[in-house]
Amino acid sequence: MKGRVFPTLLVMGIGAALAAAAQEFCWPNSSFSAGAARVPWLVGAAAYYAVCREWPWGLVAALWYGLVADGLCGVPPGPAALPLAGAAWLWHRKLRIQMRPGAAAAALFAAAVAPVAAFLAYAWLRFFDGLPPAGPAALVEGVLAAAPLGAFAAFAAHAVLRALDARSCNVDIVAEERRHGSRERW
């Protein structure tokens with residue numbers, strides 16, 4: 001892990017602000033119809049840090065972005081922060097050695113976590129805040145739509161946050177491409 005704490009936290013803060021603004025104001029998130037699926041931009045941004053950056057930064061981003069996502073959904077801390085932190089830990093402990101860090105791996109990470117976070121947020125709002133029940137078809141549609149939307153958000157967040165990290169010298173892109181560009185021999 002690079003010793004550049006302030007630039008990394010600054011890029012994380014910019015990423016959190018951009019993802020929260022996109023999650024709150026971009027279409028279809030700004031429409032209030034029941035059928036519109038929300039793009040989980042914060043989950044996609046957290047996926048970039050969990051997959052493509054060092055372990056401590058991945059955990060910090062997962063918790064931070066998860067708490068912001070919970071706040072935007074109007075639920076107490078937990079429904080997005082806990083699955084993101086758990087998935088970041090699982091990625092670090094088991095899956096990192098099996099997949100190369102990159103946009104595709106971040107998209108897979110976000111596609112796996114976004115439906116869980118969406119369902120937990122719905123369950124919290126439904127059981128504790130008196131949200132009217134959604135039909136089974138609408139619930140399944142919302143949860144299943146979260147996976148491709150999370151993958152899309154992860155691809156976009158990977159491009160933006162990687163460019164910001166490169167601009168702030170947090171990552172050495174040339175050395176990373178050289179290290180991961182060649183295939184390992186098995």
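A few notes on this one:
- Entry remark, region 50-69: residues being within 10 Å of LEU84 (Cβ to Cβ) and open to solvent by less than 10 Å² (accessible area, probe 1.4 Å) number 7 in total.
- Scanning region 21-34 for residues that are at pLDDT 90 or above and either crowded, with 19+ Cβ neighbours inside 10 Å or within 25 Å of HIS92 (Cα to Cα) (or both) yields a single hit, ALA22.
- GLY86 vs. criteria within 13 Å of ALA154 (Cα to Cα), surrounded by fewer than 19 Cβ atoms within 10 Å (Cβ to Cβ) and modelled with pLDDT of 85 or more: no
- The set of residues in region 119-142 that are farther than 19 Å from ALA69 by Cβ and either touching a residue at least 40 places away in the same chain (Cβ under 8 Å) or open to solvent by less than 30 Å² (accessible area, probe 1.4 Å) (or both) comprises ALA134, ALA138, GLU141.
- Here PRO77 qualifies as at pLDDT 85 or above, assigned to a loop (DSSP other than H, G, I, E, B) and in contact with a helix residue (DSSP H, G or I) (Cβ under 7 Å, 6 or more places away or on another chain).
- If you go through region 60-87 and keep only what is closer than 15 Å to GLY15 by Cβ and among the hydrophobic types (A, V, I, L, M, F, W, C), you end up with VAL60, ALA61, ALA62, LEU63, TRP64, LEU67, VAL68, ALA69, LEU72, LEU84.
- Scanning region 100-118 for residues that are farther than 23 Å from ARG53 by Cβ and either surrounded by fewer than 18 Cβ atoms within 10 Å (Cβ to Cβ) or of a type in the set (A, V, I, L, M) (or both) yields one hit, ALA118.
- Test: residue in region 37-47 that is surrounded by fewer than 22 Cβ atoms within 10 Å (Cβ to Cβ), over 15 Å from the mean Cα position of the chain (by Cα) and either outside any helix (DSSP H, G or I) or modelled with pLDDT of 90 or more (or both): yes
The values are calculated or read from the model by the stated rules, or taken from the named source; none is laboratory data. Owing to the predicted nature of the structure, the values given are computational and were not obtained by experimental measurement. Don't worry about glycine lacking a Cβ; one is built from the backbone with ideal geometry, like all the others, and counts go over all protein chains shown. With ligands, DNA and RNA removed, areas are computed over all heavy atoms of the protein, side chains included. Shrake-Rupley method; radii C 1.70, N 1.55, O 1.52, S 1.80 Å.
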